[in-house]
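> If you scroll down you'll find the structure; I have some questions about it.
The values are calculated or read from the model by the stated rules, or taken from the named source; none is laboratory data. Predicted, not measured: the structure shown is a model, and the values here were computed from it. Reconstructed Cβ throughout: ideal geometry from the backbone, glycine too, with neighbour counts over all protein chains shown. Areas reflect the complete protein model, heavy atoms only, side chains present, ligands, DNA and RNA absent. Shrake-Rupley method; radii C 1.70, N 1.55, O 1.52, S 1.80 Å.
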Amino acid sequence: MSSNLVIVESPAKAKTIEKYLGKDFKVLASYGHIRDLIPKEGAVETENNFKMNYEVVERNEKHVKNIAKLLKKADNLYLATDPDREGEAISWHLYELLKDRNLMKNKKAFRVVFHEITRQAVTEAVANPSDIEMDLVNAQQARRALDYLVGFNLSPLLWRKIRRGLSAGRVQSPALRMIVERELEIEAFNPEEYWSIEADNLFDKQPFSAKLTQLQGEKMKQFSITNAEQAEQANTVLKDASNGKLTVAKVEKKQRKRNPAAPFTTSTLQQEASRKLGFGAQKTMRTAQRLYEGIDIGAGQTGLISYMRTDSVTLSNEALEDIRTLILQKYGADSLPESPRSFKTKSKNAQEAHEAVRPTSAMNIPEQIKQYLSQDEYRLYDLIWKRSIACQMIHATLDTVAVDLNAGTENTFRATGSTIRNPGFMQVYTEGRDDKKNDDQKEKILPPLVEGDIVDLLEIRLEQHFTEPPPRFSEASLVKTLEEYGIGRPSTYASIITTLLDREYVELEAKRFHPTDVGKVVIKFLTQHFTQYVDYDFTAQLEDTLDEISRGESEWLPLMQSFWTSFKALVDDKMENVSRDEALQARELGTDPASGKPISVRMGRYGPFVQIGTRDDEEKPKFAGLRPGQKMDKVTLEEAIELFKLPRDLGETEDGEKISTNFGRFGPYVKFGSKYVSLKVKEGDDPYTVTLERALVLIQEKKEFDANREIKLFEGTDIKILRGRYGPYITDGIKNARIPKDIEDPATLSLETCQELIEKAPLPKSRRKKAATKKKAATRKKAATKKKAATKKKSVKKAAKKKAAKKKASVKKASVKKASTKKAVKMKV
């Protein structure tokens, strides 16, 4: 049995590292966090110095048991979790848990840290272990406690005042505010008209264009020409002054240097992968994790990139030497600067011991290892490799030329061009942009012009433009803005975005974030009532304080106390004094012409809806949900009135089934009896106008489809064999089971076989979740009952012991009394 037990976070990493360390080491995975705060009130005891109550993460209990089992036979424990706050906390939690279970007696524990998974890095780390950094652990615990206190106190408030299932977060809410405020900017934006004028020219058989920069002695600005009439007047002036020719007045040539971008941090990697590869933040991090943990590239499992959660742009001396050797071999001495480039890390909390995201070996050229990687892995590795190599290459040199061309004496056009004299780093990599309008990477070549040359003016082009609102955030631009504001940290950007999407606070359309109605309602409520806690500066300052704690410059308890006192008071005040109507932000649209009652739009339990009347009326108000695509802040009175026309009764089928039409969560439909058929919107079906005849056609199609769908029914049971989108399957109405591949005709299956297959089939996801929650609750209840019984047994035992002691004392006292009585009697006698 191995005398050394090493703990890492993932099984893929464990496999790679065990190969490097040899037979004296056994490497196991913790599978991420092994403990977390108990998911109920009292997880953080605010009245007891913010004591945190943890429990083992249920899905990882079996991994903890396996670690405990092997630790009994080992002498040394090496905690080799990731080199960041979360990794440090995982090591600490595991150590504390094993210590509480009396498994650390006569064992030595070491913390080992490496930033890449290569044989050299791992063996060096194990040979030079350290202790757990409690400053990092305290910073992580403070962050977790803050997130818990915000979520556990704000979420119930949102549930009560707006609707169930909502949540607020210390970092997610300011991020949502950014997206909503950008949307409000776009909605409030008024486009302004302006015109530009360009000349199409020809010289020495080479066409080129030039832009008007001066008109009648006045320098041209964006809004110098604001309508078609002014543009035509300018056109007349220019034609008259030029008479079909332009004169070269000035030629200005310059040489410009362009330096490469720094190697990747987590943030810039996510931004660039979004721009160039179309990857979301989560996909980028998942793919990078696989590259970091190790892939077999022909000579066994090896980590291909350094640790991907970092805000440092530093490269180690070994990495610089490796990259410079590659540049010399592959691109030549002319592409290598005299000395290595260094980049300054912008992040205040970046640990220089950490490195930028880079290849573990520059010699692992993407094209040469492509066969071992999936498409996503290859594309991301290629991006990281190229950026890392380019950052240490010579600058690019561009020749630029600007030519002024006169039309008469007071009107000037300017033509600009550039050529790449020496591509330098650009032969490997150029950085992407969110705004690609001004892309100077493309060569624009002008003809060889000198002062005094006469150029043919072919045409004057008048172009109308309108100012545009700021663009909606993409994943790349949101991550960039969060980083600029100091909100969140490298490890949190992906989870922030995922949470906003999962909560349905935002939607991604054409890779841009659009806030939903519920997102707008939530952020408006938080901005009005919890202004400080969604404030960008406040959130950034809190992050800075957490960073100070991680560096040992501040204590975590004072931070918790100052935050909690004011926050708790505000939550209690809003729970008591803000009405539900105020929180729901109802908007009155007008008056219902039929009843004379007010019509309003508001947020409800199942989403936004319009309402006729109020709760104070004698008659119950009428309700109608908004149609897909309709927004609370945009819906008009006329559109709201239309919504009350549904459901529409169309008539009956031949069998006497009532037919109606309405909107549901999956779109418009026709209902017949207790069954439903979707309307075909693409074919022009509309629930407000569809006729009985059209509905009957759809119903007939649905009946024929259902009839053909049924392969076999088993009478007296709910089990059926049906045709589905992906082939035939068995169902009992709850679970679905695949039909074995060796069954050629599903109709030949017996009831017994179908029952067996259904029994083995998994529950649907929603039911699995409910079952897991139920099981978790039962486990907790059982543990609580067991604890209660043990406490009761202990107290009963204690009481019995106390009673026995009391009885003994009483007997002794009685004996003494009796003896003294006898003596006294004797004396009396």
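> Send over the per residue convex hull volume for the stretch 602-695, Cα only, as a whole number of Å³.
Here the figure is 128 Å³ per residue.
> Going by amide H atoms built from the backbone, whose H comes under 5 Å of the H on Lys675, apart from near neighbours?
The answer is none.
> From the list (i) 47, 35, 28; (ii) 60, 45, 32; (iii) 48, 34, 22, can you say which value of semi-axes √(5λ) of the Cα gyration tensor in Å was derived from the structure given?
Looking at semi-axes √(5λ) of the Cα gyration tensor in Å for this model, the match is (ii).
> Another question about this same structure. List the residues, sorted by chain then number, that are 5 or more residues from Leu763 or on another chain and whose placed amide H is less than 5 Å from its amide H.
Distant-sequence amide H within range of Leu763: zero hits.
> For the stretch 97-183, state which trypsin sites (Lys or Arg not before Pro) are in a DSSP loop and have at most 13 other beta carbons lying within 10 Å of their beta carbon.
Loop-located and lightly packed - Arg101, Lys105, Arg164.
> Given only helices, namely DSSP H runs of n ≥ 4 each adding -39500 (n - 2.57), what is the per-residue ellipticity at 222 nm of the chain, to the nearest 500 deg cm²/dmol?
Result for the chain, helices only: -13500 deg cm²/dmol.
> Okay, next question. Among residues other than Asp706 whose Cβ falls under 13 Å from its Cβ, what is the net charge (Lys/Arg +1, Asp/Glu -1)?
Every neighbour counted, the sum reads +3.
> Still on this model: If you take the charge dipole of the chain about its Cα centre, with +1 on Lys and Arg Cβ and -1 on Asp and Glu Cβ, which of Ile487, Ile384, Ile67 is farthest toward its positive end?
The residue sitting farthest along the positive end of the dipole is Ile67.
> While we're looking at this one, here's another question. Please give the length that would be gained between Arg160 and Lys645 if that part of the chain were fully extended, namely 0.36 nm times their separation in residues minus their C-alpha to C-alpha distance (nm, one decimal).
Difference between extended and current length: 171.5 nm.
> Here's something else I'd like to know. Taking the Cβ-Cβ separation of Thr325 and Asp502 as r and a Förster radius of 56 Å, what is the calculated FRET efficiency to the nearest 0.05?
Between Thr325 and Asp502 the formula returns 0.75.
> Give me the accessible area per residue for the chain, probe 1.4 Å, as a whole number in Å².
Result: 56 Å² per residue.
> Cross-link list Lys161/Lys480; Lys65/Lys108; Lys65/Lys760; Lys219/Lys257; Lys65/Lys107: which exceed 24 angstrom alpha carbon to alpha carbon?
Lys161/Lys480; Lys65/Lys760; Lys219/Lys257
> Binning at 5 Å from 0, report for the stretch 82-129 what percent of all alpha-carbon pair distances ends up in each bin.
The calculated distribution, bin by bin, is 4, 20, 22, 21, 18, 10, 3.
> Then there's this: If amide hydrogens are placed 1.01 Å from N in the peptide plane, which non-local residues have theirs closer than 5 Å to the one on Arg461?
Glu198, Ala199, Asp200
> Let me ask you something else. Give me Rg over Rh for the stretch 408-549, both radii from the alpha carbons and Rh done the Kirkwood way, two decimal places.
Expressed as Rg/Rh, it is 1.16.
> Pop out the carbon and sulfur fraction of the accessible area of the chain as a percent, whole number, probe 1.4 Å.
Of the solvent-accessible surface of the chain, carbon and sulfur hold 49 percent.
> What is the calculated FRET efficiency for Ala402 to Glu218, with r their C-beta to C-beta distance and R₀ = 25 Å, to the nearest 0.05?
0.80
> Follow-up question, since we're still on this one. What FRET efficiency comes out for the pair Gln528/Ile743, r = Cβ-Cβ distance, R0 = 56 Å, nearest 0.05?
0.35
> I've got another one for you. Quick one: divide the alpha-carbon radius of gyration of the stretch 92-202 by 2.2 N^0.38 Å and tell me what you get.
That works out to 2.05 for the stretch 92-202.
> Over the stretch 268-388, one equal point on each Cα, no solvent: what is log10 I(q)/I(0) by the Debye formula at q = 0.19 Å⁻¹?
-1.12
> Evaluate the Kirkwood expression for the hydrodynamic radius of the stretch 442-514, namely the inverse of the mean inverse distance over all pairs of different C-alpha atoms, and round to one decimal in Å.
17.1 Å
> To continue, here is another question. Would you mind counting up the charge near Ile132? Only other residues with Cβ under 11 Å from its Cβ, with Lys and Arg at +1 and Asp and Glu at -1.
Net charge in that neighbourhood comes out at -4.
> Can you give the three extents of the C-alpha atoms in the stretch 477-529 along their principal axes, from longest to shortest, in whole Å?
Each principal axis gives a Cα extent; for the stretch 477-529 these are 30, 28, 16 Å.
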